[in-house]
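Visitor: Take this structure, written in structure tokens, and hold onto it; I'll ask about it next.
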Amino acid sequence: MVTLNPYKYATKELLKRILWDLSWQSYPSRWRLKKLEGIKHGKKAVILCNGPSLLKSNLDSLSDVDTFGLNKINLLFKNSDFRPSYIVAVNNYVLEQNKDFYNSTDIPLFLGWRAPKYKIKLRNNIFFQTVDNGFAESAYMSIGLGSTVTYVALQLAFHMGYDSVALIGCDHNFETKGPADKIVQADNTDPNHFDPTYFSKGVKWNLPDLLNSERGYLLARKHYENNERKIFNCTEGGKLEIFERLTLEDFLLN
């Protein structure tokens, strides 16, 4: 992200922080995040990304490991008994489009701080502050966006203390092309995600920023490795080569 006026950008970030700090949802959310810090030390986690290859993974094998579902992972539920341990979402269009599910599920949610704008209830969930850049080893105050919710989930997993994290369904490849972050209206079917209705029938969504996503992944890898932790890419295929490749079966066994 290019900042033409750093003073304007800093002022915007400060106002955003003040607005969140003054909201009543910030206090229980930060308290809950603080309680989660480091509690999963020595354990593994799997992050389920939303690419078409997710359907190739054996979700039945995940019953004994903690899992993070992303965004509209609930679209998988109609065809599978699998349910993630947690769900993470931050994109405004996702929050708006999926709010009914977020308000009805009992699965613990980690949602971006704008969730209340879309009438999403806090309940026992966690709303978190976001900033454009950086990797948060402690997510207590804020979390870096990194142009992909996967990056956000990697920070939450680090915050919670997981020693090794696997990505599945992270194709890092989109059939729909265009400028990074451009707002577009979806076609009738979605070829970019595991469900053809993920973004479809004219709803708005942001085109991916794959280059900035890679910058975030490199930063995440650095922080994990500096703390003797590891991120593995257990995706079936895909174009993400930043993390060491491993089969999901081997990740779960080792």
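We did not get these values from a lab; they are worked out from the coordinates using the rules stated. What you are looking at is a predicted structure, and each value in this text was computed from that prediction instead of being measured. Counting neighbours? That spans all protein chains shown, and the Cβs are built from the backbone with ideal geometry, glycine included.
Visitor: Taking only Cα atoms and a 10 Å spring cutoff, compute GNM fluctuations for the chain and point out the largest among 147, 80, 29.
Guide: Among 147, 80, 29, the largest GNM mean-square fluctuation belongs to 80.
Visitor: What percent does the relative contact order of the stretch 89-183 come to when contacts are Cα pairs within less than 8 Å and at least six residues apart? It would help to have the intermediate numbers written out before the result.
Guide: Numbers: 98 pairs, mean separation 16.3, N = 95.
It rounds to 17 percent for the stretch 89-183.
Visitor: Taking the convex hull of the Cα atoms, report for the chain its projected area averaged over all directions, in nm². Spell out each step's value before the answer.
Guide: Values: hull surface 52.6 nm².
Here the figure is 13.2 nm², rounded to one decimal.
Visitor: To continue, here is another question. For the stretch 199-249, which GluC sites (Glu not before Pro) are both in a DSSP coil and crowded by at most 12 other Cβ atoms within 10 Å?
Guide: Working: sites: 214, 225, 228, 236, 241, 244, 249; in loops: 228, 236, 241.
Qualifying residues, ordered by number: 228, 241.
Visitor: Moving to a separate point now. Whole-Hz ³J(HN,Hα) for each residue in the stretch 147-154, computed from phi via Karplus 6.51 cos²θ - 1.76 cosθ + 1.60 with θ = phi - 60°, x for glycine and proline: what do you get?
Guide: 6, 7, 5, 4, 4, 4, 4, 5
Visitor: Hey, what's the Kirkwood Rh for the stretch 31-154 if you take every pair of different alpha carbons, in angstrom? Numbers along the way, then the final one.
Guide: Numbers: mean 1/r = 0.0663 Å⁻¹.
Value: 15.1 Å, from the Cα pair sum.
Visitor: Taking 7 Å along the Cα-to-C-beta vector as the label spot, tell me the residue 79-residue 132 distance in nanometres, rounded to one decimal.
Guide: Here the answer is 3.8 nm between the modelled labels.
Visitor: At 7 Å along the Cα-to-beta-carbon direction for both residue 173 and residue 105, put a label point, then send me their distance in nm to one decimal.
Guide: 2.7
Visitor: Normalized C-alpha radius of gyration of the stretch 9-51, against 2.2 N^0.38 Å?
Guide: Working: Rg = 15.6 Å, N = 43, 2.2 N^0.38 = 9.2 Å.
Against the compact-globule rule of thumb, the ratio is 1.70.
Visitor: Measuring from label point to label point, each 7 Å out along Cα→Cβ, what is the residue 200 to residue 183 span in nm?
Guide: So the two model labels end up 2.4 nm from each other.
Visitor: For the chain, what does the relative contact order come out to in percent, with C-alpha contacts under 8 Å and a separation of six or more?
Guide: Working: 463 pairs, mean separation 55.2, N = 254.
Dividing the mean separation by the residue count of the chain yields 22 percent.
Visitor: What list of ³J(HN,Hα) values in whole Hz, one per residue of the stretch 210-217 in order, does the Karplus curve 6.51 cos²θ - 1.76 cosθ + 1.60 (θ = phi - 60°) give from phi, with Gly and Pro shown as x?
Guide: 5, 5, 5, 4, 5, 4, x, 4
Visitor: Can I ask one more? Suppose R0 equals 25 Å. What FRET efficiency, 1/(1 + (r/R0)^6) with r the Cβ-Cβ distance, do residue 24 and residue 92 give to the nearest 0.05?
Guide: Values: r = 21 Å, r/R0 = 0.83.
For R0 = 25 Å, the calculated efficiency reads 0.75.
Visitor: Quick test of your reading: applying the under-4.7 Å Cβ rule, which cysteines of the chain are isolated?
Guide: When partners are defined as cysteine Cβ atoms under 4.7 Å apart, the chain leaves 234 without one.
Visitor: Kindly flag which residue pairs out of 12/222; 121/204; 72/204; 43/72; 177/204 have an alpha-carbon separation exceeding 18 Å in this structure. All intermediate terms of the calculation are to be shown ahead of the outcome.
Guide: Working: 12/222 28 Å; 121/204 23 Å; 72/204 14 Å; 43/72 25 Å; 177/204 15 Å.
Pairs exceeding 18 Å: 12/222; 121/204; 43/72.
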